[in-house]
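No value in this document is a laboratory result; all are computed from the given coordinates. Since we're looking at a predicted model, the values are computed, not measured. Positions of Cβ are generated from backbone atoms using ideal geometry, with glycine treated the same way; all protein chains shown enter the neighbour counts.
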C-alpha cells in the first residue's frame, strides 16, 4: 500500500502579488500572440512560428511603451507564446 500526503501551499502576500503579476504578464503575452496570429491569418499569411513572435516581443520590450515587460522573466512570456501557438494550430 502506498501512502499519500496532501499538501497545501499558502503563499505570503509578497509571493501572492508576484504570482498574480506573472499571471497577468502571461495573459498579456498569450493575447499578443493570438492577435498577431489572427492578423496574419486574416491577411492571407501562413502560421507564424513561436520563435518569430518571441523576436517581435523582444523588439517590443526595447520600446518605451512596453519596457515594463523587462521586469518579468522571459520564461513567463516564452511559455505563454508557445501555448498560444499550440492552441492556434489545434484550432
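Points to keep in mind about this one:
- In nm, spacing of pseudo-spin labels at residue 21 and residue 73 (7 Å Cα→C-beta vector): 1.3 nm
- Label selected from (1) 55, 22, 18; (2) 56, 39, 17; (3) 34, 23, 21, the criterion being Cα extents along the principal axes in Å as computed here: (2)
- Entry note, the chain: the mean residue ellipticity at 222 nm calculated from DSSP H runs of n ≥ 4, each adding -39500 (n - 2.57), is -22500 deg cm²/dmol after division by the residues and rounding to the nearest 500.
- Take every Cα pair under 8 Å whose residues are at least 6 apart in sequence, average their separation, divide by the length of the chain, and the relative contact order is 39 percent.
- Against the chain, whose longest principal axis comes from its Cα atoms, helix 74-90 is set at around 70 degrees.
- Approximate spin-label separation residue 35-residue 47, in nm, with each point projected 7 Å along Cα-to-Cβ: 2.3 nm
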